[in-house]
1. Residues that are touching a Leu at 6+ places or on another chain (Cβ under 8 Å) and modelled with pLDDT of 90 or more: find the helices (runs of 4 or more DSSP H) completely inside the stretch 11-111 holding 2 or more of those.
2. Which of the residues spanning the stretch 23-46 are over 19 Å from residue 79 (Cα atoms), of a type outside the set (Ser, Thr, Tyr) and surrounded by 13 or more Cβ atoms within 10 Å (Cβ to Cβ)?
3. Is it the case, given these coordinates, that residue 6 is part of a helix (DSSP H, G or I), closer than 25 Å to residue 96 by Cα and either out of contact with any helix residue (DSSP H, G or I) (no Cβ under 7 Å at 6 or more places or on another chain) or of a type outside the set (Ser, Thr, Tyr) (or both)?
Amino acid sequence: MSAHWGGWALILAAGLVANGPFLSPRLMWVGPRVGAKTLRLSVLEWAVGYALIALVAIALEYQRYGAVHRQGWRFYAATVILLMIFAFPGFAWRCVGRGDKESPDERSALS
């Protein structure tokens, strides 16, 4: 796979990982179902997903160039914000967009 397609595949994977905790009732999409998944648990899953995507990106960079470029805190802050932007559709669908489909009791279980 060329570097161009590898980069696009990484961005697509980041988008899926960012939205996964908010769209799936399972732990990390493959674990057991949990009753009412709290927002805290979803955010924790999102953070684990960020770490996994970062590790994949570092591995791809090492494989392609033979070394990993050192990054400062600004780079990681920017990537966290970018992943937050990627996660917005899933977050909005889960926490805002369901509207009348839930009772008030179910809605309070999300937070």
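The values are calculated or read from the model by the stated rules, or taken from the named source; none is laboratory data. Fair warning: this is a prediction, and the values are worked out from it, not measured in the lab. Cβ coordinates were reconstructed from backbone atoms using ideal geometry, including for glycine residues, and neighbour counts include every protein chain displayed.
1. 39-65
2. 23, 26, 27, 28, 29, 37, 39, 41
3. No.
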